[in-house]
Amino acid sequence: MSMRMTVTAALVAAGSLAALAHGATTTTEATYPNAIAVIGGNDAAGYASDPKRPFQEARANSWATGTNAAVRSIYMRLLAVNPTVKGRAFNFSSHGATVRDLASQVRKATLLKTKPELVLVHILGNDAPCDGKDETRYADYQTRVTEALQKLAAGLPKARILAVGEAGTLDSYVKAVSSYGLGARLTHAGKGICSIFAPKTGKVIPENLAYVRRTSDAYNRAFAAACKAVATCRYDGGAARRIVLKPADLAHRYESLSIQGLAKLAAVERKLLYG
């Protein structure tokens, strides 16, 4: 997973009172959003999840807004209970996006004519240089995320935010990659401090694993703190991070989630949002 960390944030169906004030009378209208959007990075864009296009984004597989029935994204699950959301799923995420890209993605979301009532923000993994100095960057990361979430909340004042941490436990990730054999482990073997597997042998390097765990935890704590600073934001409490990854949950090169993994993440977040 090198330093694959994915952070997700969701603006959850707010506006029940506003909907009622405009004459909404059904439970569906008052409970579920009529438009959603996602901003963020790799998994939000379904990167590498299409086996036929392993180095490209596959937005149809996005766990947030995708239309692939095998994934059953948040959008597809909402569509099943609220037909009004049909065609109103917007994806501004991109492979390789970092926290520095959040501002432009937030701006695009807030400028939509159809205002999203649920916005998923899935960003993190590309922000860790893994140079042994990550601890000097946590504060800046938290500040940037806070500013982005504040702008998002200001631009979409009727929405609430849910911040979701990295998908999958680190231990289950290591186990899943290891199950594919030496070749898979060597795919991410190297001398860098975030290289979990050793060159040639493919054995786990304990000190590197400890660094990845410590760094991942710190960035996720920073995101949670940024969310806490925004009145309409709610952190998922690590629900995504507790997902136990299986070998089939990993896509090409084992850095992103496969269709199966994205479906698992969608199920976890859907339950968190709506029970």
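The values are calculated or read from the model by the stated rules, or taken from the named source; none is laboratory data. Please read these numbers as outputs of a predicted model, since none were measured by experiment. Counting neighbours? That spans all protein chains shown, and the Cβs are built from the backbone with ideal geometry, glycine included. Only protein heavy atoms, including side chains, enter the accessible area calculation; ligands, DNA and RNA are left aside. Shrake-Rupley method; radii C 1.70, N 1.55, O 1.52, S 1.80 Å.
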message: Angle check, please: helix 259-274 long axis (alpha carbons) against the longest principal axis of the chain (alpha carbons), in degrees 0 to 90, nearest 10.
response: 40 degrees
- prompt: Once amide H atoms are built 1.01 Å from N in the peptide plane, which residues 5 or more positions from residue 94, or in another chain, come under 5 Å H to H?
  reply: 40, 41
- request: Step through the residues of the range 224-240 one at a time and calculate ³J(HN,Hα) from phi using the Karplus curve (6.51 cos²θ - 1.76 cosθ + 1.60, θ = phi - 60°), rounding each to whole Hz and writing x for Gly and Pro.
  value: 4, 5, 4, 4, 4, 6, 10, 3, 8, 9, 10, 8, 7, x, x, 4, 5
query: Taking amide hydrogens as modeled 1.01 Å from N in the peptide plane, which residues meet the under 5 Å criterion relative to residue 257, leaving out close sequence neighbours?
result: 251
task: Enumerate the lysines that residue 113 could reach by cross-link, defined here as Cα to Cα under 16 Å, with residues fewer than 8 away along the same chain left out.
output: 86, 158
message: So if I take the centroid of the Cα atoms in the range 30-106 and the same for the range 144-169, what is the distance between those two points in Å?
response: 15 Å
Label point distance in nm, residue 198-residue 180, each placed 7 Å from Cα along Cα→Cβ: 2.2 nm
- prompt: ³J(HN,Hα) across the range 147-154 via Karplus (A = 6.51, B = -1.76, C = 1.60, θ = phi - 60°), whole Hz, x for Gly/Pro?
  reply: 4, 5, 5, 5, 5, 5, 5, 5
- request: Beyond 27 Å between alpha-carbons counts as too far, so tell me which of 228/271; 108/175; 133/191; 175/200 fall in that bin.
  value: 108/175
- request: Based on alpha-carbon positions alone, could you give the equivalent ellipsoid semi-axes of the chain from the gyration tensor, as √(5λ), descending, whole Å?
  value: 33, 20, 14
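Starting from 0.36 nm per residue, how many nanometres of slack lie between residue 103 and residue 187 once their C-alpha separation is accounted for? If you can, show how the numbers build up before the last one.
Details: separation 84, 0.36 × 84 = 30.24 nm, distance 3.30 nm.
Contour length minus the Cα-Cα distance gives 26.9 nm.
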- prompt: Taking the chain as a Gaussian network, Cα atoms linked when under 10 Å apart, which of 46, 132, 66 shows the biggest mean-square fluctuation?
  reply: 132
query: Looking only at 265, 112, 257, which one moves most when the chain is put into a Gaussian network model with springs between Cα atoms under 10 Å?
result: 112
- prompt: What is the calculated FRET efficiency for residue 213 to residue 154, with r their C-beta to C-beta distance and R₀ = 35 Å, to the nearest 0.05?
  reply: 0.50
- prompt: Carbon and sulfur together cover what percent of the accessible area of the chain at a 1.4 Å probe radius?
  reply: 55 percent
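Looking at the range 26-131, which chymotrypsin sites (Phe, Trp or Tyr not before Pro) are in a loop (DSSP not H, G, I, E or B) and have at most 15 other Cβ atoms within 10 Å? Provide the component values of the computation, followed by the final result.
On the way: sites: 47, 55, 63, 75, 90, 92; in loops: 47, 55, 63, 92.
Within the range 26-131, the qualifying chymotrypsin sites (Phe, Trp or Tyr not before Pro) (loop, at most 15 other Cβ atoms within 10 Å) are 55.
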- line: For residue 106, the net charge from surrounding residues (Cβ-Cβ under 14 Å; K, R +1; D, E -1) works out to +4
message: Using the basic label-point model (7 angstrom from Cα toward the beta carbon), what is the residue 136 to residue 246 distance in nanometres?
response: 4.4 nm
statement: Probe 1.4 Å, heavy atoms of protein chains only: per residue, the accessible area of the chain in Å² is 44 Å²
- line: Those trypsin sites (Lys or Arg not before Pro) from the range 94-130 that are DSSP loop and have at most 11 other Cβ neighbours within 10 Å turn out to be 113
query: Anyone know which of 119, 174, 71 comes out most mobile in the 10 Å Cα GNM of the chain?
result: 174
message: Assuming 0.36 nm per residue, please report the length gained on full extension of the stretch residue 225 to residue 113 beyond their Cα-Cα distance.
response: 37.3 nm
